[in-house]
Amino acid sequence: MQIKIPYGNEFLTLESSNLPIKAILEAKFPPTDRSISEENIINRALIQPISSPRLCDLTSELTKVLIVISDHTRATPSAVTLPLLLSEIRHLNPTVIVKIIIGTGLHRSPSEEEIIKQVGRAIFEHEDIVVHCATSMKDMVYKGLLPSGNELWVNRLVDWADLVVGDGLIEPHFFAGFSGGRKSILPGIAGKTSIMTNHSYPMIAHINSRSGVLEGNIIHRDMCVAAEMVKLNFILNVVLNEQKKVVAAFAGHYNQAHIAGCDFIRPYVEKSTIETDIVITSNGGYPLDQNLYQAVKSIDTAAHCVRERGVIICVSECRDGNGGKAFVERFRRAGNPQEILAEMARIQPSETLQDQWQVQILAKAMCKARIIMVSSRKNAEDIRSMGMAYCEDINHAVNLVLSIKPDTDGILVIPDGVNIIIK
């Protein structure tokens, strides 16, 4: 038997015939109905929005509309959603001025090629597109205090606009519960200080800051209030299947439509915990496996299943390298992951460091299990310097682990660790 593990735009094949496979955890969405196009699915959602008037009615007498879209690190099919959103916005008001802002959060700015891939060449050439820069305080406006006491600074284009629209993707998120909805604002187009404090040590360490949890999630709570503060008037969020095709769309009120989307995917992505001492996972391929920083998401999923002193094998192409010097350097400087966590715990929320949250989550996983990264050879030095092991071939990695743990009770495979919620 062969098991396909997503890797970049392709798959790595795990030769599992002679392996003690305990279970395979995969999201299972309904088969795609080929008679219904992605455009039709999205248009149905726009025509019948949840807890909101139609977008064309909201914009019928407005002058300026701002659309917030995901950046290159997400699989959001903006090339499909944006033309339909723009058509709906201009349906009753063809002269309305529209700006599209790419919600990068603290990620690097996308290249021109990445923007074209994200939105399509026609929109790139004919629409007004702005790339958010969280570190440019001259572009920020202060909106008030969040429930956590943190300040909310966001891109001042929210004040330029008469109406703000979010375009996003709903999938499990390892500390915000789910992606999409309110995340268009925080972290999408928020200022650096607001993102850092939202991702501070105590916020990340909270018991409810985990995948699939919204109730009692203090990170989610701040994000929702941020969306209300900037009047995120309308969202269009989609759900993708394993082939990254749209299987459902939810439009309307930023929170009610988002909750409907989260409720839709739960039955397909929630899985009961299966404990074992060897877990194989991946980030589901490109774009989420484009760097080591993003790979932490699937590692976190695996960490909920692996036993103490077990092994996690994470398959991630990382074509874009490590994702941030600060992320790698903190591991290089530290003696061990326990010391990293102790250091993070001493940092005040207002002094949160760049990429600290990802360091915190990875260090926690490393305290529990050994991590082997199956990745591009160019990442080997960074991986080893962070205290993880490197392997170029997945089958070699598995054989290595089995030689270390010959008495294992079985291997758990989670082909797409980002798209699974462990209950």
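What you get for region 202-320, charging only the Cβ of Lys and Arg (+1) and of Asp and Glu (-1), is a dipole of about 160 debye around the Cα centre.
Placing unit charges on the Cβ atoms of the charged side chains and taking the dipole of region 38-268 about its Cα centre, the candidate lying farthest along the positive direction among 65, 119, 260 is 260.
The distance separating the Cα centre of region 293-347 from that of region 206-250 comes to 24 Å. Restricting the trypsin sites (Lys or Arg not before Pro) of region 15-123 to loop positions (DSSP other than H, G, I, E, B) with no more than 12 neighbouring Cβ atoms within 10 Å leaves 28, 34. Using a cutoff of 8 angstrom between alpha carbon atoms and counting only pairs six or more residues apart, the relative contact order for region 38-268 works out to 25 percent. Each of 378, 325 was scored by other Cβ atoms within 10 Å of its Cβ. Arranged with the fewest first, they read 378, 325. Region 96-110 and region 1-58 have Cα centres spaced 25 Å apart. For the chain, modelled as a GNM whose springs connect Cα atoms under 10 angstrom apart, the maximal fluctuation among 78, 184, 385 occurs at 385. For Rg and Dmax of the Cα atoms in Å, computed directly from the structure shown, the correct entry in (1) 22.8, 77; (2) 21.2, 69; (3) 24.1, 88 is (2). Listing 111, 298, 37 from fewest to most neighbouring C-beta atoms within 10 Å gives 111, 37, 298.
P(r) for region 1-151, from all Cα pairs and a bin width of 5 Å, is 2, 7, 11, 13, 15, 15, 13, 9, 7, 4, 3, 1, 0, 0 %, short bins first. Of all DSSP beta bridges confined to the chain, the antiparallel ones make up roughly 30%.
Readers should treat all values here as calculations from the given coordinates under stated rules, not as data from a laboratory. Every value quoted in this text rests on a predicted model; they were computed, and no experiment measured them. When we count neighbours, we look across all protein chains shown, and the Cβ atoms used for this are built from the backbone with ideal geometry, even at glycine.
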